[in-house]
């Protein structure tokens, strides 16, 4: 197995409307890059989309003279729409996600009663990754880590001393991701987190979201050592049974994310909108009494 590059450069762009971090990962100005977990702005009241967040990504990539090779998703998000098609059109690159996206597509094809020809094999993406797969972003080598539990399709991207963990973990004072979406499982998430926290203590961990307490501003980077010591849900003193009990009880009190219905419909299509209807307009569905 080839050695991993040591210290990728990471540029974070925070979207305050969805508390989401988008990352541009590269090896310096003028090199290849990947965009991880992009955001398409969406107004749930009007159904209008905007590209304000994605345009910030484009501005940074252009300023740094980067070449986009990959547009990566850690999973099919339930709290924001991906801007992958817009970024691909403007900047190039290949879209990718974990191969278990097919399981998520199968479930939500039924939930939304999608068109019969909608494929549930992940073919909407340019590449599907399994646990342990490796690929490159220019000179940077990436190793894929399957980290299911929040959803079956969750993956993390291990690039040198950095790991982009998606929704498996949050900052230590926030804890862990919910596990009550279709296909989610608290016991599985616990195993995924222990896998992440078995990496070297100084490994940098980059969060997909931050929901900070009032005592601090938004933060998105921590370390394996900090999570093992201080994570309020998953530090080394919390065993599997205690975590599963806590997570199950906590999830039962949570409301669905504001954007879950539009987000999932779009994100399982790799960011493309549903087919336009006879009047030339695309529509998103709101299933009643399903979730």
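Coordinate-derived values only; no laboratory data. Just so it is clear, the model here is predicted, and its values are computed rather than measured. Here the Cβ positions follow ideal geometry from the backbone for every residue, glycine too, while neighbour counts run over all protein chains shown.
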* Structure fact -> Footprinting proxy, 70, 19: sorted fewest to most Cβ within 10 Å, the residues are 19, 70
* Asked: At residue 289 and residue 106, where each label point lies 7 Å from the Cα along Cα→Cβ, what is the point-to-point distance in nanometres?
  -> 2.7 nm
* Structure fact -> So, with points 7 Å from each Cα along the Cβ direction, the residue 191-residue 17 label distance in nm works out to 3.8 nm
* For the residues 260, 97, what sequence is obtained by ranking on other C-beta atoms within 10 Å, fewest first? -> 260, 97
* Say we join alpha carbon atoms closer than 10 Å with springs in a Gaussian network model of the chain; which of 116, 16, 29 then has the biggest fluctuation? -> 116
* **Gyration tensor verdict on the range 174-254 (Cα atoms; rounded if a/c is under 1.5, prolate if a/b is larger than b/c, oblate otherwise)** => oblate
* Pop the C-beta distance of residue 277 and residue 46 into the FRET formula with R0 = 25 Å and round what comes out to the nearest 0.05. => 0.85
* Asked: Taking the simple approach of a point 7 Å from Cα along Cα-to-Cβ for both residue 127 and residue 217, what is their distance in nm?
  -> 3.5 nm
* How high is the FRET efficiency between residue 230 and residue 256 when r is their beta carbon distance and R₀ equals 30 Å, given to the nearest 0.05? -> 0.55
* For the chain, just list the percent of Cα-Cα distances falling in each 5 Å bin from zero outward, please. => 1, 5, 12, 17, 20, 18, 13, 8, 4, 1, 0, 0
* Highest-fluctuation residue, 227, 73, 255 considered, GNM on the chain with Cα pairs under 10 Å -> 255
* Considering only DSSP beta bridges whose two residues both sit in the chain, what percent are antiparallel, to the nearest 5? -> 70 percent
* Structure fact -> Final fewest-first order of 75, 233, 11 on the 10 Å Cβ neighbour count is 11, 233, 75
* Structure fact -> For the chain, averaging the sequence separation of alpha carbon pairs under 8 Å that lie six or more residues apart and dividing by its residue count, the contact order in percent is 18 percent
* To do: With springs only between Cα atoms under 10 Å apart, run a GNM on the chain and tell me which of 237, 166, 122 wobbles the most.
  => 237
